[in-house]
Amino acid sequence: MPRPIQATIHTAALQHNLARARAAAPDARVWAVVKANAYGHGIERAFEGLRGADGFALLDLGEAERVRQLGWRGPILLLEGVFEPRDLELCSRLSLWHAVHCDEQIDWLSAHKTHAPHRVFLKMNSGMNRLGFPPARYRAAWARLNALPQVDEISFMTHFSDADGPRGIAHQLDAFCTATQDLPGERTVSNSAATLRHAAGDARVRADWVRAGIVLYGGAADHPEHDAAHWGLAPTMTLSARIIGTQQLQPGDTVGYGSSFTADRPLAIGVVACGYADGYPRHAPTGTPVLVNGVRTRTVGRVSMDMITVDLAPLHEAGVEAGVGSEATLWGRAACGAVLGIDEVAQAAGTVGYELMCALAPRVPVVVD
């Protein structure tokens, strides 16, 4: 028998979450962001659930090739553009659209020999201060691109730093709209948080494309202010394992490396076949939520490479049997339908749901539901 741990990718949930992104910005087209191997879900596994998108956005050429090999003939956008001049050859061959965020990328385009001019997205640094031209230099960069025979259509993009928080997007949106005023071309400004939180109130936020990332994978971009249920999102990844052993603790007994948990009463614990080598966060403390047979309980003690230990007292109190072979849901949807949000697990571990999705280890078997 294989080790009893498995990740499940839920195709119907991907479709549902894509529909929720569309509903939040009904007059916009939707990029399905599949960077980082579709946020750890696997591009090939997620494709069926996301093929209803208007385009796919990602980072590297290898991922773009995989999307084309799946039969996708629509738009594909390289969110960081090309990394060296020869990448432009593959952009031409695969008909990729790509971001332009620096003078060097414009230089590479000007020297590129191509029969088909490129569709580019000129990126503005409107306050995120990562990639992009600052507002004062943006129109000059546009003029350079617009003069190149290698460039066909120029679209405009920026990225919000605080769409999920109280500072909001107004300062960046105003800078973007001022700098692009009267320039012809499509716009894309909204990530998941901006799409859910701000698109309904401002038409500029939802035109012409929105970039749906974490929203597609059932994570709330503004957690803990709101959870996935608030936004009507469904979990797209379940990580589940089985209990492989039990122990009966007496007061004063400790659990695991470093004896970081000490029982203050008689306590039954279950040993679950999942650890940090599977992608579960090692720094998750005692008290991190977990479901056993659909009943909410907690981890106890330190996470090991291959095992975690969980408190079985809540199951006994609920009259639910638990022992070797019982299902432990580390995040996602239990067999009985109970849901443990990945954002809640991540918060307990001091991180974000994005990281847990992307950290799923190669040794974990993955199936598609």
Considering each residue of the range 250-259, count those that are at negative phi, open to solvent by 50 Å² or more (accessible area, probe 1.4 Å) and either within 32 Å of the chain's Cα centre (by Cα) or not polar (S, T, N, Q) (or both), and give that number.
3
If I filter the range 19-41 for residues that are more than 26 Å from Ser155 (Cα to Cα), touching a residue at least 12 places away in the same chain (Cβ under 8 Å) and surrounded by fewer than 19 Cβ atoms within 10 Å (Cβ to Cβ), do I get at least one hit?
no
Here is a list: His98, His115, His16. Which entry is under 18 Å from the mean Cα position of the chain (by Cα) and of a type outside the set (S, T, N, Q)?
His16
Within the range 356-369, which residues are within 15 Å of the chain's Cα centre (by Cα) and surrounded by 15 or more Cβ atoms within 10 Å (Cβ to Cβ)?
Leu356, Met357, Cys358, Leu360
Report yes if some residue within the range 311-321 is touching a Cys at 6+ places or on another chain (Cβ under 9 Å) and either modelled with pLDDT of 95 or more or under 21 Å from Thr262 (Cα atoms) (or both); otherwise report no.
no
Could you say whether any residue in the range 227-238 is modelled with pLDDT of 95 or more, in contact with an Asp or Glu (Cβ under 8 Å, 6 or more places away or on another chain) and closer than 26 Å to Leu79 by Cα?
yes
Selected residue (only one of Glu84, Glu63 is under 17 Å from the mean Cα position of the chain (by Cα) and without any contact (Cβ under 8 Å) to a residue 40 or more places away in the chain)
Glu63
For the range 270-290, which positions are open to solvent by less than 10 Å² (accessible area, probe 1.4 Å) and among the hydrophobic types (A, V, I, L, M, F, W, C)?
Val272, Ala273, Cys274, Ala284, Val290
So, in the range 320-344, exactly how many residues are more than 25 Å from the chain's Cα centre (by Cα) and among the polar types (S, T, N, Q)?
1
Scan of the range 330-348 for residues that are touching an Asp or Glu at 6+ places or on another chain (Cβ under 9 Å) and closer than 18 Å to Ala277 by Cα, ordered by number:
Leu330, Trp331, Ala346
Of everything in the range 273-299 that's in a strand (DSSP E or B) and in contact with a Leu (Cβ under 8 Å, 6 or more places away or on another chain), which residue is nearest to Thr351 (Cα to Cα)?
Pro289
Selection count where residues are farther than 23 Å from Gln250 by Cα, assigned to a loop (DSSP other than H, G, I, E, B) and either open to solvent by 70 Å² or more (accessible area, probe 1.4 Å) or of a type in the set (Val, Ile, Thr) (or both), scope the range 309-349:
2
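The values are calculated or read from the model by the stated rules, or taken from the named source; none is laboratory data. Model, not experiment: these values are computed from the prediction. As a convention, Cβ positions derive from the backbone with ideal geometry for all residues, glycine included, and neighbour counts pool all protein chains shown. With ligands, DNA and RNA removed, areas are computed over all heavy atoms of the protein, side chains included. Shrake-Rupley method; radii C 1.70, N 1.55, O 1.52, S 1.80 Å.
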